[in-house]
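Below is one structure, written out as structure tokens; comments come after it.
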Amino acid sequence: MQEPMRLSSRWVVWLCLSLMLWTAVAESTHNHPNKTESASCSICVVAHSTAPVASSNQVRPVFASIGLLQEEEVIAKARLSVFELGIRGPPAV
Ligand SMILES: [Zn+2]
């Protein structure tokens, strides 16, 4: 069962959501009277810049053997104690 949100938490959530909405509206609809102001506005600079091109300077991978796998047989040593012989198995159907 979920505990209902407190009234203060609910108000904080609505405040944050409304601030985010108003910020998005203000950023998308703002304008400047002249071009010098828009050149110094960070929102306009980002909006009118070209998309960054991804570049990478990866070197080619080097494949070299570092050793051989030496397999070794492992044999488990089973022991049966007298107590285990006395346990009854599951019933046969
Ligand atoms: Zn701007």
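There is at least one residue in the range 17-27 that is of a type in the set (Phe, Trp, Tyr), part of a helix (DSSP H, G or I), on the phi < 0 side of the Ramachandran plot and surrounded by 10 or more Cβ atoms within 10 Å (Cβ to Cβ). A single member of VAL82, VAL25 is within 16 Å of the ligand (Cβ to nearest atom) and β-branched (Val, Ile, Thr), and it is VAL25. Of the residues making up the range 30-41, none is at pLDDT below 85, over 28 Å from the mean Cα position of the chain (by Cα) and more than 16 Å from the ligand (Cβ to nearest atom).
The C-beta contact set for the range 39-61 (first residue aliphatic (A, V, I, L, M), second residue not in a loop (DSSP other than H, G, I, E, B), distance under 6 angstrom, 6+ apart or interchain) comprises ILE43/GLU27. When the range 1-16 is filtered for residues that are among the small types (Gly, Ala, Ser) and open to solvent by 100 Å² or more (accessible area, probe 1.4 Å), nothing remains.
The values are calculated or read from the model by the stated rules, or taken from the named source; none is laboratory data. In this text the structure is predicted, and so the values were computed from the model without any measurement. Neighbour counts are summed over all protein chains in view; Cβ atoms, including those assigned to glycine, are modelled from backbone coordinates with ideal geometry. What goes into the accessible areas is simple: the full protein's heavy atoms, side chains included, and nothing from ligands, DNA or RNA. Shrake-Rupley method; radii C 1.70, N 1.55, O 1.52, S 1.80 Å.
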